[in-house]
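Take a look at the structure below.
The values are calculated or read from the model by the stated rules, or taken from the named source; none is laboratory data. This one's a predicted model, so the numbers in the text were calculated from it and none came from an experiment. In this analysis, Cβ positions are derived from the backbone assuming ideal geometry, glycine residues included, and neighbour counts consider all displayed protein chains. Heavy atoms of the whole protein, side chains included, go into the accessibility calculation; ligands, DNA and RNA do not. Shrake-Rupley method; radii C 1.70, N 1.55, O 1.52, S 1.80 Å.
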Amino acid sequence: MSGVSGVRLRLSDLAGDGAGGDPAGGGFSAGGELRHSDGAWLRAAGGAEGMGAHLGPVRTELATAHEGLLAGTVGLNALAELGAVRESWVRRFECARHECGALAGNLRAVARAQGETNESVRSSFALVARLTHGVER
């Protein structure tokens, strides 16, 4: 069972009295028109970039934390293992940093594409309105 109830909603049902909706995140305008905002997509992209930037200095910080660790410990196998573990974490952090950058780009692309689609739809309705002289039929 998908969890979907037997209740059907229309976009116009969501408008309520026409005053609802969040202008920053899209929703309905006072005129009852569905509005899109790229704000949420761009905020998410900024968050992904921020996380990527936060992960940037990890390699240097790990190297600094491990400086001098090997001095006087020749022959201890555990330290060799520690180096392998450290390199594993460096690779993981670098992968996460690159993924954050890719995600930010993809989120911005969604905002752009959605804006272009909205404009395309708006333009197609404008043509119909001109052909019917704005009269609803």
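Table for the structure above
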| quantity | calculated |
| --- | --- |
| The range 102-119 residues that are in a helix (DSSP H, G or I), paired with ones that are open to solvent by 80 Å² or more (accessible area, probe 1.4 Å) (beta carbon under 6 Å, 6 or more apart) | Ala104/Glu49; Leu107/Trp41; Val110/Trp41; Ala111/Trp41 |
| Number of positions in the range 81-110 that are open to solvent by 90 Å² or more (accessible area, probe 1.4 Å) and among the aromatic types (Phe, Trp, Tyr) | 1 |
| One residue from Ala44, Ala78 being part of a helix (DSSP H, G or I) and open to solvent by 50 Å² or more (accessible area, probe 1.4 Å) | Ala78 |
| Subset of the range 70-105 [farther than 13 Å from Val58 by Cβ and of a type outside the set (A, V, I, L, M, F, W, C)] | Gly72, Thr73, Gly75, Asn77, Glu81, Gly83, Glu99, Gly101, Gly105 |
| Index of the failed condition, Glu136 passing every other in (1) open to solvent by 80 Å² or more (accessible area, probe 1.4 Å); (2) modelled with pLDDT of 95 or more; (3) not hydrophobic (A, V, I, L, M, F, W, C) | (2) |
| Considering residues of the range 55-64 that are in contact with a Lys or Arg (Cβ under 9 Å, 6 or more places away or on another chain) and either in a loop (DSSP other than H, G, I, E, B) or free of Cβ contacts under 8 Å to residues at least 12 places away in the same chain (or both) only, the residue farthest from Thr117 (Cα to Cα) | Ala63 |
